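One structure is given below, encoded as structure tokens.
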Amino acid sequence: MTQWSGYLGLILQGALVTVELTLMGSVLALVMAFLAGIGRVSRFFIVRALATTYIEFFRGTSIFVQLFWAYFVLPFVGLSLTPLQAGVLALGLNVGAYAAEVVRGAILSIGDEQYEACTALNLGRWQGMRHVILPQALLVMLPTFGNNAIELLKATSVVSLISLADLTFQAQVVRSQTGSTLMPFASVLVIYFVLALIISWGVRSLERRMARGLDGVRV
Amino acid sequence: MPAPIIKVDAISKSFGAFKVLDGLSMQVMPGEKLALIGPSGSGKTTILRILMTLERIDGGHIQIDGEQLYHMERNGQLLPADERHLAKMRQKIGMVFQLFNLFPHKCVMDNVTLAPMLTKGVARAAAEKRAMELLDMVGLADKAKAMPAQLSGGQKQRVAIARALALSPKIMLFDEVTSALDPELVEEVLNVMRKLAAETDMTMLLVTHEMGFAHDFADRVLFFDRGKIVEEGKPDEIFRHPKQERTQGFLKKIIAAGHRV
Ligand SMILES: Nc1ncnc2c1ncn2[C@@H]1O[C@H](COP(=O)(O)OP(=O)(O)OP(=O)(O)O)[C@@H](O)[C@H]1O
Ligand SMILES: [Mg+2]
């Protein structure tokens, strides 16, 4: 029994790495999503072109290849990353590309009348975006952002391929050391599921908080 | 005689193949209250939207307060206006929309203070003080902390009026500001407009289907049809003794539909 708790400890260590990757990857993805998503609706051609290139490139090549490039190829151009850094970079850029389209769609979903009110009040393009359009668009983005974050969580397991000791990696270790398949894989199944639930729940409560007042319910 | 504050000179505007405004010219004197009436699709909204720079013109010239709206003079040449020139010109003009266009994620107070703070650098305290005066003027001082979704249509429209006034424009444009309201809420908005007309020397352009209100409110009435001004004059002349057949026909239809004139 004590042996099992030792192995469970290993798996929990892996879970910690997975959480770390998910959090840092999500932050990078969020930054990229807003940069590229807003870039997509820029009135400057070059900004639109850059944003589109980034999005199409990272959606069009697989996360495996991106991770291998980040870890194995970048050192040849003088950029050596730790496995964690490479994992965050690949995950953040990859999921950021998908989330950028969410940002763009949400911005475009805000009605013309809001843009026209901004013009009539003489707000600059960026002022209107920052104070009027984005705060409303954020509410539209949130549910899909939740999905993106869960996708990112599930994609973190690719880092086990560059020997980063995440949840999936530790499950393999425990399996090869104990010969038991059920215990490690059952635990990682439960842990991934619980983490995904936490993300869903977190995003939903954020959504509720932000929607307060918009529907006429007293705050 | 003072110079006109708005000078529209032979402007044209098409949407695709459809010519909405066709060589339209008009002049408005400072402080004048103007009512724009006419059948649906005659271009009334379009001319207001053009003045607010929400729509570009295809040809012609517009002068606001002595300056070109869509052109700027550089070394004696007229160039198309850039964003900076438009921003400068927009300071002179405010607009109230048929559907209010309030910012739903901001409380009443923030709706009113946002633009003065961002575009004029007014400090929050000063902006809120002015906003309270304006909300008081439109009878909504007690709703400062409410969200737009908690307000009735009439209240929303009064907030929208206060929001536009907060920038102290010289010219205010009103596009059918009561036509989206339940009948019993129309009067509270019209009362605010009466007060504005009586107490300020702002130039006001009003598109409306409320002929009774147009009659009392306006110094001059313009009758639009098919992108042109067919007839203009004092309210009594237009409403009691219209000269043009098309004006007569339009008013007859309106009266038949049960509107008071
Ligand atoms: N963005 C647009 N694209 C295409 N056609 C348009 C557009 N805006 C207006 N129009 C057309 O231009 C014509 C004039 O429209 P406008 O809104 O100025 O009329 P109006 O006098 O305000 O009418 P109403 O009394 O119905 O409000 C209409 O036939 C309308 O369908
Ligand atoms: Mg109209």
Largest first and to the nearest Å, give the Cα extent of the range B:1-104 along each principal axis.
-> 42, 36, 34
Shielding of A:110-119 by other chains, given as the mean Cβ count within 10 Å, works out to 5
Report the net charge of residues surrounding B:PRO39, where surrounding means a beta-carbon distance below 11 angstrom and charges are Lys +1, Arg +1, Asp -1, Glu -1.
-> +3
Could you tell me what percent of the DSSP beta bridges with both partners in chain B are antiparallel, to the nearest 5?
-> 60
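Is the range B:103-168 rounded, prolate or oblate when judged by the Cα gyration tensor, a ≥ b ≥ c being the square roots of its eigenvalues, rounded requiring a/c under 1.5 and prolate requiring a/b larger than b/c?
The shape class here is prolate.
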Report, for the protein assembly as shown, the % of DSSP beta bridges that are antiparallel, rounded to 5.
-> 60
In order over the range B:154-161: 3J(HN,Hα) from phi, Karplus 6.51/-1.76/1.60, θ = phi - 60°, whole Hz, x for each Gly or Pro, gives x, 5, 4, 5, 5, 4, 4, 5
In peptide B:138-150, what is the residue-averaged number of other protein chain Cβ atoms found within 10 Å of each Cβ?
-> 2
Shape call for the range B:179-261, from the Cα gyration tensor axes a ≥ b ≥ c (a/c under 1.5 means rounded, otherwise prolate when a/b beats b/c, else oblate), comes out oblate
Cα convex hull volume per residue for chain B (Å³) = 146
Neighbouring Cβ atoms within 10 Å as the yardstick, rank A:TRP201, A:TRP69 fewest first.
-> A:TRP201, A:TRP69
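How much of the calculated P(r) for the range B:133-183 lies past 13 Å, in percent of all Cα pairs?
On the way: 759 of 1275 pairs.
Of the Cα pairs, 60 percent sit more than 13 Å apart.
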Work out which trypsin sites (Lys or Arg not before Pro) in chain A are exposed loop sites (DSSP not H, G, I, E or B, at most 15 other Cβ within 10 Å) and give the longest gap free of them.
-> A:44-211
Span from the the range B:1-72 Cα centroid across to the the range A:148-169 one, whole angstrom = 61
Scaled by the rule-of-thumb 2.2 N^0.38 Å, the alpha carbon Rg for chain A gives a ratio of 1.22
Going from the fewest other Cβ atoms within 10 Å to the most, one would list B:CYS107, A:CYS118 as B:CYS107, A:CYS118
Per-residue average of other protein chain Cβ atoms inside 10 Å, peptide B:102-109 -> 5
Of A:ILE38, A:ILE63, B:ILE238, how do they rank once you tally other Cβ atoms within 10 Å and put the fewest first?
-> A:ILE63, A:ILE38, B:ILE238
Low-density loop cleavage sites - trypsin sites (Lys or Arg not before Pro) in the range B:53-118, where at most 13 other Cβ are within 10 Å (DSSP) = B:ARG56
Selection from A:LEU8, A:VAL132, A:LEU161 lying farthest towards where the dipole of chain A points positive, charges on Cβ = A:VAL132
Along the three principal axes, how long is the range A:139-219 when you take its alpha carbons, biggest first, rounded to the nearest angstrom?
-> 59, 23, 13
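Going by average Cβ density within 10 Å per residue, which order do the peptides B:190-201, B:212-223 take, highest to lowest?
Values: B:190-201: 15.2, B:212-223: 19.8.
Packing proxy ranking, top to bottom: B:212-223, B:190-201.
Please go through the residue pairs B:LYS13/B:LYS170; B:LYS7/B:LYS106; B:LYS7/B:LYS129; B:LYS7/B:LYS234; B:LYS33/B:LYS156 and name each one whose alpha carbons sit more than 30 Å apart in this structure.
B:LYS7/B:LYS106; B:LYS7/B:LYS129
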Any residue on another chain or 5+ positions along whose placed amide H is under 5 Å from the amide H of B:LYS33 is listed here as B:MET204, B:ASP219, B:ARG220
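Compute, for the range B:23-151, the length of the dipole vector about the Cα centre, with Cβ point charges of +1 (Lys, Arg) and -1 (Asp, Glu) only. Units Debye, rounded to 20. The partial results should precede the final answer.
Numbers: 16 positive and 13 negative charges, 52 e Å.
Here the range B:23-151 has a charge dipole of around 260 debye.
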Principal semi-axes in Å for the protein assembly as shown [√(5λ), Cα gyration tensor, largest first] = 60, 25, 19
By Kyte-Doolittle mean hydropathy of at least 0.0 and Cα axial length of at least 15 Å, which whole DSSP H helices of chain A are selected?
-> A:2-40, A:45-60, A:83-109, A:134-155, A:182-211
Return the calculated 222 nm mean residue ellipticity for the protein assembly as shown, to the nearest 500 deg cm²/dmol, obtained by summing -39500 (n - 2.57) across DSSP H runs with n ≥ 4 and dividing by the residue count.
-> -18000 deg cm²/dmol
When the dipole is taken about the Cα centre of chain A, and only Lys, Arg (+1) and Asp, Glu (-1) are charged at their Cβ, what size is it in debye, to the nearest 20?
-> 220
Taking chain A as a Gaussian network, where each spring joins two C-alpha atoms under 10 Å apart, which residue of A:LEU197, A:LEU30, A:LEU79 fluctuates the most?
-> A:LEU79
Which trypsin sites (Lys or Arg not before Pro) in the range B:127-179 pass both tests, a DSSP loop state and at most 11 other beta-carbon atoms within 10 Å?
-> B:LYS145
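Each value in this text was obtained by applying a stated rule to the coordinates, not by laboratory testing. Worth saying up front: this structure is predicted, and the values here are computed from it rather than measured. Glycine gets a Cβ as well: all are built from the backbone with ideal geometry, and neighbour counts include every protein chain shown.
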